[in-house]
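Take a look at the structure below.
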């Protein structure tokens, strides 16, 4: 049965039950879905009763491609998963391979990875804050956030030559060392960026319209958050203090001092506030990394043709959107036998049907925005 | 709970169901017979207290004529981690769904059904999730062929062998 017929049948069944309720399509081209996602929403007047997400519009069988490429060749494809945090996708994949093959990383590369990863987290949260403001009609915030994000993109362009799909990390370290004077540029950026955060607060946090719009909406209980395996700011917004950087440290995150912000009630406001505070913490980590970064090589001596020993690994990192996991099954050849990406937004989105019912259709935009989905990662 | 303790407890309870078990990189990994997968998952969740299902992925072991479902399970309260693999025959890949234990398994199992054709009993809504509903075949199976595949550069397989599956 085709999608259209199925939909018509559902509509028929539902209209027979009650004249009050109706099924409405939100998407696949709705601006607030930030990509192509179709939400089939059952409405009772203005109130959402049920929500069925349909995705896969951008499915490109990332995992099948991975099975047919050598380990090194997969890195550029990981950029295209979460294109707002490509550095983190590179890192997650390279870390999984390094753990699987037992490759140690030079000290300088570890520091640069943390530094770049946290800058990427700031950039990703900035684009989230900006587009979330756009969803709620706060256009100025969008312009301001993109202004600072642009500066981080310039920094990344200086190291990798690319603005979005960096492919900068390698199995065993980084592709290149950073150019001369780049660390000074990062310092200058932080000098500019730190006073901007209170400015965003004036437009969002302290704004009574913003507060009334998102407080008490889209509540996700801690029990549901764990059952649906939510991660990242969605999990922490529900009051669970869980961050892989602290609880299961990878790289050298155990050397840095930072806090894990958590929410209290699990509503949209808490998820917003967790992300907003995480930017402060990322600034702290970048500052510490800048003072401690040692000289040295950035790439461990690794073979050109990499072979992984027989076995499997589930390796996870804390990407800006949550737990980004790679499950790799190796059969001893130069390409993975099975390569699965546990995309954080795919899993977080599966909790959306639990969050939406009972709230107004206008709030659906805010709730969906607060999950921070990237459809390329959901669809893979 | 350390990986050894986890393995010990599962062995004590489900000794006859376990095919292989070992500790690798501090993680408990074990392969089980598929017919007890739900009971073992419930034991892990409720009695060992590993309440967080990180990931569920299917693997096609075409050489051994078997399908595998790998559960990566951990906890938000303790450091224990486990990778549990359940094997089913390839021509009849049916397992019990773990959706009653973890809500997140719903979409993961739909994905395994969609891409690998593994069926899950008692799943509330088992239908394709990423591919169109009228798609034929399951692309992540190792014997799935499509003329649009770009062959691996130094692969032995001859490119251009097109075998379009005709049944779902």
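The values are calculated or read from the model by the stated rules, or taken from the named source; none is laboratory data. This one's a predicted model, so the numbers in the text were calculated from it and none came from an experiment. All Cβ positions, glycine included, derive from the backbone under ideal geometry; neighbour counts span all protein chains shown.
Side notes on the structure shown:
- Residue, farthest from residue B:129 (Cα to Cα), within the range A:37-46, restricted to residues that are surrounded by fewer than 16 Cβ atoms within 10 Å (Cβ to Cβ) and in contact with a strand residue (DSSP E or B) (Cβ under 6 Å, 6 or more places away or on another chain): A:46
- Scanning the range B:7-27 for residues that are in contact (Cβ under 8 Å) with a residue 40 or more places away in the chain and either within 12 Å of chain A (Cβ to nearest Cβ) or farther than 27 Å from residue A:102 by Cα (or both) yields B:26, B:27.
- Whether a residue is within 14 Å of chain B (Cβ to nearest Cβ), buried (at least 18 other Cβ atoms within 10 Å of the Cβ) and touching a residue at least 12 places away in the same chain (Cβ under 8 Å) was assessed, and residue A:350 passes this test.
- Screening the candidates A:119, A:141 for the property of being in the same structural domain as residue A:322 (by TED's automatic domain parsing), closer than 29 Å to residue A:363 by Cβ and surrounded by 20 or more Cβ atoms within 10 Å (Cβ to Cβ) yields one hit, A:141.
- Looking only at residues in the range A:54-66 that are part of a helix (DSSP H, G or I) and in contact with a strand residue (DSSP E or B) (Cβ under 6 Å, 6 or more places away or on another chain), the one that is nearest to residue A:377 (Cα to Cα) is A:63.
- Residue A:322 fulfils the conditions (1) buried (at least 24 other Cβ atoms within 10 Å of the Cβ); (2) over 16 Å from the mean Cα position of the chain (by Cα); (3) more than 10 Å from chain B (Cβ to nearest Cβ) except for a single criterion, (2).
- For the condition away from chain B (no Cβ under 12 Å) and either more than 19 Å from the chain's Cα centre (by Cα) or over 30 Å from residue A:305 (Cα atoms) (or both), residue A:49 qualifies.
- Flag for residue A:357 being surrounded by fewer than 24 Cβ atoms within 10 Å (Cβ to Cβ) and more than 9 Å from every other protein chain (Cβ to nearest Cβ): yes
- Within the range A:162-173, one or more residues are surrounded by fewer than 21 Cβ atoms within 10 Å (Cβ to Cβ), away from chain B (no Cβ under 14 Å) and more than 30 Å from residue A:308 (Cα to Cα).
Okay, residues lined up against (1) at pLDDT below 90; (2) under 30 Å from residue A:358 (Cβ atoms); (3) not assigned by TED's automatic domain parsing to the domain that holds residue A:322:
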site: A:183; (1), (2), (3): no, no, no
site: A:195; (1), (2), (3): no, no, no
site: A:204; (1), (2), (3): yes, yes, no
site: A:217; (1), (2), (3): yes, yes, no
site: A:227; (1), (2), (3): no, yes, no
site: A:231; (1), (2), (3): no, yes, no
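- Any helices (runs of 4 or more DSSP H) falling wholly within the range A:98-216 and containing at least 1 residues that are under 26 Å from residue A:297 (Cβ atoms): A:107-135, A:139-160, A:182-193
- The set of residues from the range A:218-246 being away from chain B (no Cβ under 14 Å) and buried (at least 20 other Cβ atoms within 10 Å of the Cβ) comprises A:218, A:233, A:237, A:245.
- Residues that are more than 23 Å from residue B:142 (Cβ to Cβ), surrounded by fewer than 19 Cβ atoms within 10 Å (Cβ to Cβ) and either within 12 Å of another protein chain (Cβ to nearest Cβ) or without any contact (Cβ under 8 Å) to a residue 40 or more places away in the chain (or both) within the range A:55-88 comprise A:57, A:58, listed in sequence order.
- Among the residues examined, residue A:370 qualifies as surrounded by 24 or more Cβ atoms within 10 Å (Cβ to Cβ) and farther than 16 Å from residue B:108 by Cα.
- Output for the range A:37-47, where each listed residue is in contact with a helix residue (DSSP H, G or I) (Cβ under 6 Å, 6 or more places away or on another chain) and closer than 20 Å to residue A:372 by Cβ: A:37
- Checklist (1) at pLDDT below 90; (2) out of contact with any helix residue (DSSP H, G or I) (no Cβ under 7 Å at 6 or more places or on another chain) applied to residue A:108, failing item: (1)
- Looking across A:302, A:317, A:365, one residue alone is in contact with a helix residue (DSSP H, G or I) (Cβ under 7 Å, 6 or more places away or on another chain) and modelled with pLDDT under 90. It is A:365.
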